[in-house]
Amino acid sequence: MDRLMIALALSALIAYLTTPLARRAAYRLGAIDVPKDNRRVHRKPIPRLGGLAIYAAFLAVSLLMMDLDRQMVTLLGGATLMAGMGMVDDVRPLPAKLKLSLQICAALLVMAGGVRIEFITNFLSASKPIVALGPLAIPATLFWIVGITNTVNLIDGLDGLAAGVAGIASLSLAAVAYMNGQPEVAVLLMILAGASLGFLPHNSHPATIFMGDTGSLLIGFVLASISIEGVIKSATTIAVAIPVLALGVPIFDTAFAILRRMVNKRPIMEADKGHLHHRLLAQGFSHRQTVWILYGFSLFLGVSAIFISGASRTTSIAMLLVVTLILMMAMIRAGLLKRTS
């Protein structure tokens, strides 16, 4: 437990202290987010590249506290690729196809280190609760890593939102890993949680710096990769559902965005003002209130993930259904499926 707390505190301290340096780098490189459309909530130019501080903290503490085995080296390599791509994109936007290609390369890199989804939960059979994926393990892992990487990127729309949600998700998954006898995975998640939360004071409303793609792509990639090696490989009945719950806010928001655009017969990749934080703002909630509401949702889902990780199969499935129903009702009430302008 002491090691977990040291990992959390040390990475938070490094992220907090290095964020001003990232801010200076953003100004020098011209990585400034200038509001050019009505989807952006901020009204004045804000420097990006805050993700450099998150990356510096995650890398430094990982090198200090983790064994550099094959999986760790490939994870850090993939994280470096994501942070590097995000940094370039924050300075000068890259083509979407190139970004997707590099995300796939990073995913393949960690897969070469042995990280992959090898089985999924079978809710319909008590006698065979786990189904091996076999040759489907590679596409399933690619879909998970690339998908989660981009869902975290998509919720980075309000001051402090992505960093806070990532911190809560990391802490939740760390608790699950610790409870399931995976202390190394728990330490790594605490390092990521500390890096995210250490950046948060600079990024809270009104933000003085954004994490940019440098941070959001890095955090999404690391969370996706660690959740595979930790929670999903635990072979519990409800294994795959645990990281889905812990990352529920970005996952459900993205899923509803896709469904909403299909219902409205619009391109799936088309940007709009229909994301959950946009809807809450439209209903009259302030910037801070909206962020705290989403923190609350994330905490609720994180605690639910911790609960079902130690519960019986029947209780876990029942809890999962209840949580999913509550979340869907809340998101529908927030108007996520309504037509957007």
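The values are calculated or read from the model by the stated rules, or taken from the named source; none is laboratory data. Given the structure is predicted, the values throughout are model-derived calculations rather than measurements. Cβ placement follows ideal geometry from the backbone for every residue including glycine, while neighbour counts extend to all protein chains displayed. Side chains are part of the model used for accessible areas, which takes the heavy atoms of the whole protein and leaves out ligands, DNA and RNA. Shrake-Rupley method; radii C 1.70, N 1.55, O 1.52, S 1.80 Å.
Descriptive notes on the structure:
- The set of residues in the range 184-212 that are in contact with a Pro (Cβ under 9 Å, 6 or more places away or on another chain) and over 10 Å from residue 53 (Cβ atoms) comprises 208, 210, 212.
- So residue 50, is it touching a residue at least 40 places away in the same chain (Cβ under 8 Å) and surrounded by fewer than 13 Cβ atoms within 10 Å (Cβ to Cβ): no
- Tally of residues being more than 21 Å from the chain's Cα centre (by Cα) and open to solvent by less than 40 Å² (accessible area, probe 1.4 Å) across the range 55-109: 2
- Filtering 196, 170, 227 for residues that are within 9 Å of the chain's Cα centre (by Cα), closer than 30 Å to residue 120 by Cβ and of a type in the set (Ser, Thr, Tyr) leaves a single hit, 170.
- Whenever a residue of the range 249-260 is among the polar types (S, T, N, Q), its partners that are at pLDDT 80 or above and in a helix (DSSP H, G or I), lying with C-beta atoms within less than 9 angstrom and at least six residues away or across chains, give the pairs 254/147; 254/150; 254/151; 254/154.
- Flag for residue 200 being of a type in the set (A, V, I, L, M), in a helix (DSSP H, G or I), modelled with pLDDT of 95 or more and farther than 12 Å from residue 58 by Cβ: yes
- Criterion applied to 185, 176 was being more than 15 Å from the chain's Cα centre (by Cα) and surrounded by fewer than 24 Cβ atoms within 10 Å (Cβ to Cβ), and the one residue passing it is 185.
- Only a single criterion out of (1) modelled with pLDDT of 70 or more; (2) assigned to a loop (DSSP other than H, G, I, E, B); (3) open to solvent by less than 30 Å² (accessible area, probe 1.4 Å) is not satisfied by residue 265, namely (3).
- Members of the range 152-169 that are open to solvent by 10 Å² or more (accessible area, probe 1.4 Å) and outside any loop (DSSP other than H, G, I, E, B): 153, 154, 168
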